[in-house]
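What follows is a single structure, written as structure tokens, with notes after it.
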Ligand SMILES: Cc1ncc(C[n+]2csc(CCOP(=O)(O)OP(=O)(O)O)c2C)c(N)n1
Ligand code: SF4
């Protein structure tokens, strides 16, 4: 099939529609507005709904209702709005409702700015709201991957009855790339017997709920969730390896940063340095398996992020102190420049000498 | 023998946990009776609040949702948009609907969201220990207004029906009470009307129910009903605040 040229933001919308999502609830915020603009036009074409909420707090709770009613549903926002959604996301995770949340991360904290960043990493992968829960977090690095991961996001959400967050930034949202859309199969949401759609004759009462007033029961619920998260950790780690096999130095970066690092790896290889890249595609579950594998050969790691050092904690956990883990980051909406990252690689590769 | 009093099908066969003299249970029963009488048992979906009445999700024997504090109208919006032919209602206290969830309530009404809010005005935050609610009367003593609510310091009580009436999306708004059998009957009629208006697709509907909380008012069950009648009703007049033109007559 012919490729079409598409912007990241549109790909998020089209990917969702093709994944059978028919409900979008959201509140405007830069830099993700083109996604709601796209869906406001596209949803009615496929008999779906785009609804602008009065706040992100409300949007997340509308998602709660729609997901509880059995729909494939999504919302999207950026930093400040994602913070407001944390209440709803915690309830969604507690009630084990499937949904997809897009975070076009921007510079923070506070109002920060609208430039691309990865500073919401902790918030996304460590829980975010109150309580002991996890989101499945996907981090695409190209427009094609956005399309593909949107389908996976909805499938994973339904498979595990868990909210899925897609992490991107303004660069990916604005980026225009040719994509293969594949067959226009209009996926349908799978059967959800647990959804509260009205009592069926002789059927059980359905309750969409996160309240367990008796501590023994709440603990049981938490243990059940933890077991689910363990299954996800075992089965769903995804990553891309780039020139890793003989690498003595491994860069680790996701999303936009990983694109920059790929170019850095090529430059390093041109100068005869054995450098490779691991690009986590799932940042939760973190692709720990590959890090533990490559730490045998690799002598050192360099984590590159658009923040002051967040994912580095997960890399360190996986490396378990066996190798040095270095960090290079830009923050506040600033992007790492390939030349500077290369400089850092060279310095570390040569044992710290510039 | 003719049965004059049976448990509605939509009401589960379990005892309420409410304090003696609490009228939450009466309102639950009215909602269940109306669901039965409208033949909506299989198509009714309720959203429970955070507050004393959270366990309405157990008391009503229909499919239910439990929402975050104040967010029931947003949750109801999500449900109704996915399942437009269902009867979707929220059941919320005054802290839930008129303080933390004011935004969700007002905008559900503004959008003309086809849901019904059963709004329980008991003039306090009951579940958390009788603190001041937006609806607490001037002079009323609560655990956070130990000397009585003062307008200068605490602001003035909120009249929710009156607040929502000017919104074009509001189709049916009524304030009722359940302090005596006559008013209980009127309350049931209002709930039925709200559900019917919702199912006709006319817009947002709400029934505000003045309800007792003897425990946090520090009154006996009987005194509480008297206080409701003598103190609350004058400030919160009963009646219909908005009706769609067709059901006016
Ligand atoms: C976000 C949040 N803030 C505070 C609470 C604590 N809380 C539980 S119930 C309640 C008040 C409920 O009062 P109301 O809505 O008037 O219902 P009532 O108990 O009087 O029926 C509060 C503040 C909470 N659960 N969640
Ligand atoms: S505390 Fe008040 S509202 Fe709560 S159950 Fe008791 S009487 Fe009812």
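Quick notes on this one:
- Selection count where residues are in a helix (DSSP H, G or I), in contact with a helix residue (DSSP H, G or I) (Cβ under 8 Å, 6 or more places away or on another chain) and within 20 Å of residue B:193 (Cα to Cα), scope region B:99-126: 3
- Matching entry among A:252, A:290, A:294 (being at pLDDT 95 or above, in the same structural domain as residue A:345 (by TED's automatic domain parsing), under 26 Å from residue A:334 (Cβ atoms) and crowded, with 19+ Cβ neighbours inside 10 Å): A:252
- Any hit, region B:6-25, residues being under 15 Å from the mean Cα position of the chain (by Cα), within 14 Å of chain A (Cβ to nearest Cβ) and within 23 Å of residue B:105 (Cα to Cα): no
- The residue that is nearest to the other protein chains (Cβ to nearest Cβ), counting only those in region A:1-16 that are without any contact (Cβ under 8 Å) to a residue 40 or more places away in the chain and touching a helix residue (DSSP H, G or I) at 6+ places or on another chain (Cβ under 8 Å), is A:13.
- Options B:26, B:79; residue that is surrounded by 24 or more Cβ atoms within 10 Å (Cβ to Cβ) and away from ligand 1 (no atom under 12 Å from the Cβ): B:79
- Candidate set from region B:69-98 (those that are within 16 Å of ligand 2 (Cβ to nearest atom) and in a helix (DSSP H, G or I)); member that is farthest from the other protein chains (Cβ to nearest Cβ): B:94
- Some residue of region A:18-26 being closer than 21 Å to residue A:158 by Cα and assigned to a helix (DSSP H, G or I): yes
- Test: residue in region A:269-284 that is surrounded by fewer than 22 Cβ atoms within 10 Å (Cβ to Cβ) and in a helix (DSSP H, G or I): yes
- Where residue B:62 falls short, out of the listed (1) touching a residue at least 40 places away in the same chain (Cβ under 8 Å); (2) more than 8 Å from every other protein chain (Cβ to nearest Cβ): (2)
- Residue list for region A:39-49, filter: under 17 Å from residue A:104 (Cβ atoms) and either within 11 Å of another protein chain (Cβ to nearest Cβ) or within 20 Å of the chain's Cα centre (by Cα) (or both): A:39
- Among the residues making up region A:73-87, those that are touching a strand residue (DSSP E or B) at 6+ places or on another chain (Cβ under 6 Å) and away from chain B (no Cβ under 11 Å) are A:74, A:76, A:78, A:79, A:82.
- Filtered residues of region A:27-40 (kept if outside any loop (DSSP other than H, G, I, E, B), in contact with a helix residue (DSSP H, G or I) (Cβ under 6 Å, 6 or more places away or on another chain) and surrounded by fewer than 24 Cβ atoms within 10 Å (Cβ to Cβ)): A:34, A:38
Conditions tested, residue by residue: (1) within 12 Å of ligand 1 (Cβ to nearest atom); (2) in contact with a strand residue (DSSP E or B) (Cβ under 7 Å, 6 or more places away or on another chain).
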position	(1), (2)
B:104	no, no
B:119	yes, yes
B:130	yes, yes
B:135	yes, yes
B:149	no, yes
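The values are calculated or read from the model by the stated rules, or taken from the named source; none is laboratory data. Remember, it's a predicted structure, so these values are computed and weren't measured experimentally. With ideal geometry, Cβ positions are generated from the backbone for all residues, glycine too; neighbour counts draw on all protein chains shown.
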